[in-house]
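The values are calculated or read from the model by the stated rules, or taken from the named source; none is laboratory data. Because the structure is predicted, anything quoted here is derived from the model rather than measured. Using ideal geometry, Cβ is built from the backbone for each residue, glycine included, and neighbour counts are taken over all protein chains shown.
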Amino acid sequence: MIAIKFLALVALGASVTATPVASAPDAATTDWTALPIPDDWIDWTGVDKAAMKNPANWNSSASSDKVEAAPGKELIVQSGPCSQGTCPDFHAAFDLVYTFTAVPVPGDPPLTIFSSDSDIRVNDCDKCLRHKVGSSLGNSVPGGCYNFKTCGRDQVICVDPDKYRAHRIWKDNGHKTCYNMKVDRLGDCGFIKTRIVIHPTGETACTW
């Protein structure tokens, strides 16, 4: 009888220690909605709006590969339309930076090349990463998700600009943290017709 109880306890202990760590599924990028940009947030000086409506004038060839900050440049805070690099702004652990540019090209007739991109930036373990998550042909800030690994941990961050929310999931234990997000318009600078940063203001309940 004692032997049977002992074997039962051993089997129970084995089942507990063998229980796998919960893993979180990848988030669907289709769940994230774009933030409409008010017309007065864009500096339309010198912009040919008719040309902007032609998809042939848009440049969507920007790399979506991970970009790391150079050594010694990890903890810079920019807070301006002209100088936004790999690191998140507003002392944030992560953010989404949106940039709309219009670059005139000499010729007959003259041309304008447009680009409109959203990038998620992360500062983790004193290293900054930047990854393109979306492009648009209109006046909107697209959102999306960034799967990456820092400090030996796989994780995903998703930003939903139109609903002012984001979440971060650590895949090794399935832990999910949700955030309220704030939109800050940084303004324009030369070819940059508008720069917008969407950054966390605090944690919130995960209801999605």
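Points to keep in mind about this one:
Residues are listed down the side, and each one gets a yes or a no for (1) surrounded by 21 or more Cβ atoms within 10 Å (Cβ to Cβ); (2) over 17 Å from residue 191 (Cβ atoms):
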{"residue": "87", "(1), (2)": "yes, yes"}
{"residue": "90", "(1), (2)": "no, yes"}
{"residue": "103", "(1), (2)": "no, no"}
{"residue": "111", "(1), (2)": "no, no"}
{"residue": "117", "(1), (2)": "no, no"}
{"residue": "147", "(1), (2)": "no, yes"}
{"residue": "150", "(1), (2)": "no, yes"}
{"residue": "153", "(1), (2)": "no, yes"}
{"residue": "163", "(1), (2)": "no, yes"}
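- Answer residue from region 128-173, given it is free of Cβ contacts under 8 Å to residues at least 24 places away in the same chain and not in a loop (DSSP other than H, G, I, E, B) and is farthest from the chain's Cα centre (by Cα) among those: 153
- Scanning region 198-208 for residues that are surrounded by fewer than 15 Cβ atoms within 10 Å (Cβ to Cβ) and assigned to a strand (DSSP E or B) yields 201, 202, 203.
- If the condition is being at pLDDT 90 or above and either closer than 21 Å to residue 199 by Cβ or basic (Lys, Arg) (or both), then region 34-78 contributes 34, 35, 36, 37, 38, 41, 42.
- For residue 104: the one exception among (1) out of contact with any Lys or Arg (no Cβ under 7 Å at 6 or more places or on another chain); (2) in a strand (DSSP E or B); (3) modelled with pLDDT of 90 or more: (3)
- Within region 107-127, the set of residues being part of a loop (DSSP other than H, G, I, E, B) and in contact (Cβ under 8 Å) with a residue 40 or more places away in the chain comprises just one member, 126.
- Some residue of region 128-139 being surrounded by fewer than 16 Cβ atoms within 10 Å (Cβ to Cβ), over 20 Å from residue 166 (Cα atoms), of a type in the set (A, V, I, L, M) and at pLDDT below 85: no
- Residue satisfying condition, being surrounded by fewer than 17 Cβ atoms within 10 Å (Cβ to Cβ) and of a type in the set (D, E, K, R), within set 172, 188: 172
- Among all residues of region 104-115, there is at least one that is out of contact with any Asp or Glu (no Cβ under 8 Å at 6 or more places or on another chain) and aromatic (Phe, Trp, Tyr).
- Test: residue in region 189-197 that is closer than 18 Å to residue 119 by Cβ, more than 11 Å from the chain's Cα centre (by Cα), of a type outside the set (Gly, Ala, Ser) and outside any strand (DSSP E or B): yes
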